[in-house]
Structure formats: structure tokens, C-alpha cells
Amino acid sequence: DTGVSQNPRHKITKRGQNVTFRCDPISEHNRLYWYRQTLGQGPEFLTYFQNEAQLEKSRLLSDRFSAERPKGSFSTLEIQRTEQGDSAMYLCASSSQTGLGTGELFFGEGSRLTVL
Amino acid sequence: ELKVEQNPLFLSMQEGKNYTIYCNYSTTSDRLYWYRQDPGKSLESLFVLLSNGAVKQEGRLMASLDTKARLSTLHITAAVHDLSATYFCAVDNSGYALNFGKGTSLLVTP
């Protein structure tokens, strides 16, 4: 297993277009997270899944954002009608939540979105 | 709402010197994490601190956790250029998500 994989790594789009990012977590991890990071800031939590269930969403996740994790494997994050304020790095992370789990998150390389 | 504050936010230090980065958080938690991020790259896990008094060391970096004071420190010993990066602390108080500080941007100069 090579770790958390995200694609595309970079996406440039025009305002109003829809974009979709994909994340493939570490295979044995049951939790998958989406974070957003803007320049000079720490990552901000957006949402997370345990297996295929989306259990929590941040208030940062407007109704233009939707995330799915069909069959508890890969996940997609779609942004509809993009705005310039959506420009950021979208980070995916996964973790293994078991009785002995440390809660440590393992991050992918991120998908950088630029909205023109 | 959990707040995580790091200081300093920017740090320029000479090679060979020692320094400490501080991470304060606002609500009870006994799980704290340190990550490193290089420019344009993702976050690399450095330390996982899971109890009061926990201390972890790796090379020139040492992290500690005082849950009573709600404080973690990342101590840098005899800094080298390769340590230049942004360091984040993150706190788990929800049982599912980590709350990150704004990061400390470290530059080690000759």
C-alpha cells in the first residue's frame, strides 16, 4: 500500500463550473476525512466517513459541496458552481479506528483547486 | 469550540541553535499530534502524544504533552537546514476529527 492517493493533484476551473476530487485511502483504514487548507492556515475539517457512512459535516461544508464514499472504499468530493473563495488545497486523510487506534491521520498529497 | 494556538507563527533560527514551539488548546483533550508540512506538500505525521506527560523524541525533535496545562511543546535541538518546514499541532477532542493550529513556519539559516 502506497498511502493515501488523491487526484487530480491540480485543477484550474472557471467560476461556476463543477469539480470533483477523488481520494483512495489506505486500504485497511475505515475512516476517511476531507480537510481544506488555504495559504498560511492549518487544515480545516470538512467531513468524515466511517466505512460508507458520512457521520459528520462541518458548517464550512456549504450545500454546494457533497461527498460520497460508496462501498466504504474511495471517496469523492464534488463542488458545484465553484466560487473564487473555494480556491484551496483539499486534503484527504484516512485512519484506522479500532480499540487500539491512536487516532493518527494519514494525509494524501492533496488536490489544489484554483477558481478563476 | 476548540481553539488551538501555536506560537510563534514564524521562526527564523540559526543552524546549531535550540528553540521551542508552543501549542496551547482551549478544551480538555489527552490526544495531541504534531505534523510537518513542506511547501506544496502534504502533512507528514511526526508525533502522537496520547497521555499527560507523554514525551516523544525523533532525531533533533522532541515533543511533550501537559494535559493539565493544555500545552504541548516541540523542542528543536541543534537545528539544521533540513528542519525548515511548517509544523502543525492538532488536537482531538471530538473523537473523530483533529483541530489544527495555524502552523509555525520554521526557517533554519546558516
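The values are calculated or read from the model by the stated rules, or taken from the named source; none is laboratory data. Everything numeric here is computed off the predicted structure, so don't read it as measured data. All Cβ positions, glycine included, derive from the backbone under ideal geometry; neighbour counts span all protein chains shown. Accessible surface areas use protein heavy atoms only, side chains included; no ligands, DNA or RNA. Shrake-Rupley method; radii C 1.70, N 1.55, O 1.52, S 1.80 Å.
Using a simple spin-label model with points 7 Å from Cα along the Cα→Cβ vector, what separation in nm is obtained for B:GLU58 and A:SER73?
Using points 7 Å along Cα→Cβ, the separation is 3.1 nm.
Could you calculate the FRET efficiency of B:ASN24 with A:ARG9 from 1/(1 + (r/R0)^6), where r is the beta carbon distance between them and R0 is 35 Å, rounded to 0.05?
E(calc), rounded to 0.05, equals 0.55.
Quick check on the protein assembly as shown: of the DSSP beta bridges with both residues there, what percent are antiparallel, nearest 5%? Walk me through the numbers on the way to the answer.
Values: 72 of 81 bridges.
Roughly 90 percent of the beta bridges in the protein assembly as shown run antiparallel, per DSSP.
With r as the distance between the Cβ atoms of B:GLU5 and A:GLN80 and R0 = 41 Å, compute the FRET efficiency 1/(1 + (r/R0)^6) and round to 0.05.
Calculated transfer efficiency: 0.75.
Quick check: Cα centre of the range A:17-64 to Cα centre of the range A:69-100, how many Å?
3 Å
What accessible area per residue, rounded to a whole number of Å², is obtained for the range B:4-109 using a probe radius of 1.4 Å?
Ligands and nucleic acids excluded, the figure is 47 Å² per residue.
Once B and A are treated as a pair rather than alone, how much accessible area drops out, both sides summed, in Å² to 100, probe 1.4 Å?
1700 Å²
Straight-line reach from B:LYS3: which lysines fall under 29 Å, measuring Cα to Cα and dropping same-chain residues less than 8 apart?
Reachable lysines: A:LYS57, B:LYS41, B:LYS56, B:LYS68, B:LYS102.
State the extension gain, in nm to one decimal, for the chain segment bounded by B:THR73 and B:LYS41, taking 0.36 nm per residue of separation less the distance between their alpha-carbons. Write out the running numbers ahead of the final one.
Values: separation 32, 0.36 × 32 = 11.52 nm, distance 2.34 nm.
Roughly 9.2 nm would be gained on extension.
DSSP loop (so not H, G, I, E, B), at most 11 other Cβ within 10 Å: list which GluC sites (Glu not before Pro) in the range B:1-67 pass both filters.
Within the range B:1-67, the qualifying GluC sites (Glu not before Pro) (loop, at most 11 other Cβ atoms within 10 Å) are B:GLU1.
For a distance above 31 Å, tell me the whole-number percent of Cα pairs in the protein assembly as shown that qualify.
22 percent
Using θ = phi - 60° and the Karplus curve 6.51 cos²θ - 1.76 cosθ + 1.60, what whole-Hz ³J(HN,Hα) does each residue of the range B:85-99 get, with Gly and Pro shown as x?
Working through the residues one at a time gives 4, 9, 10, 10, 9, 9, 10, 10, 10, 10, x, 9, 10, 9, 9 Hz.
In straight Cα distance, which aspartates and glutamates are under 12 Å from A:LYS14, not counting same-chain residues fewer than 8 positions off?
Within the straight-line cut-off, A:LYS14 pairs with A:GLU83, A:ASP86.
How far is it, in nm, from the label point at B:GLU15 to the one at A:THR20 when both lie 7 Å from their Cα along the line to the Cβ?
In this crude label model, B:GLU15 to A:THR20 measures out at 5.0 nm.
How would B:PHE88, A:PHE74 rank on accessible area, largest to smallest, probe 1.4 Å?
I get A:PHE74, B:PHE88, largest accessible area first.
Taking every DSSP beta bridge with both residues inside chain B, roughly what % is antiparallel (nearest 5)?
Given both bridge residues lie in chain B, the antiparallel proportion sits at roughly 90 percent.
Kindly provide the trypsin sites (Lys or Arg not before Pro) of the range B:30-110 that DSSP labels as loop, not H, G, I, E or B, and whose Cβ sees at most 11 other Cβ atoms within 10 Å.
The qualifying sites are B:LYS68.
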